[in-house]
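Input: a single structure, listed below in structure tokens.
Every number here is computed from the coordinates shown, using simple stated rules; none is lab data. Remember, it's a predicted structure, so these values are computed and weren't measured experimentally. Every residue, glycine as well, gets a Cβ built from its backbone with ideal geometry; the counts of neighbours run over all protein chains shown.
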């Protein structure tokens with residue numbers, strides 16, 4: 001006579017085994033990658049500022065530029081996330097157009113230029129399956145290329161030394 005846990009075990013094992021081998025086909029990966037790379041906008045960009053000291057009510061001016069013309073400008077509030085490293089985080093809750101250039105004006109400091117942003121197919125594996133996401137993980141800050149990096153981090157130059 002089968003007990004309840006035997007029945008449960010018999011039902012769960014096939015489900016577990018099929019989910020362990022949830023691989024994407026090459027055609028699915030290729031189609032997803034092409035769709036990801038064609039993405040031209042993102043919502044809610046998060047960024048960090050490292051090495052800066054601000055008061056709690058400071059904000060960053062962001063200037064959106066296209067073909068050397070100002071399209072929009074707005075302020076972004078920042079919040080302290082790591083007091084030891086003076087690391088701050090901000091969010092842009094507007095649509096970000098990847099082909100545009102964004103100037104981040106840090107009060108009494110410098111301006112950082114975020115440009116050449118691209119979407120990248122990003123592996124997101126779990127213990128039981130293979131998966132992929134699409135993230136803005138390639139970009140330039142002041143002309144320096146960052147690849148496979150989904151955290152935009154503006155670092156104060158004097159902080160590095």
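In table form, for the structure just shown:
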| quantity | calculated |
| --- | --- |
| Largest-first ellipsoid semi-axes for region 45-161, taking √(5λ) over the Cα gyration tensor eigenvalues, angstrom | 25, 19, 13 |
| Point-to-point label distance, residue 71-residue 35, nm (Cα→Cβ direction, 7 Å offset) | 2.4 |
| Translational diffusion coefficient (Stokes-Einstein; Kirkwood radius from C-alpha pairs) of region 58-116 at 20 °C, 1.002 mPa s, in µm²/s | 174 |
| Where the Cα pairs of region 88-147 fall when distances are cut into 10 Å bins, in % | 19, 41, 27, 11, 3 |
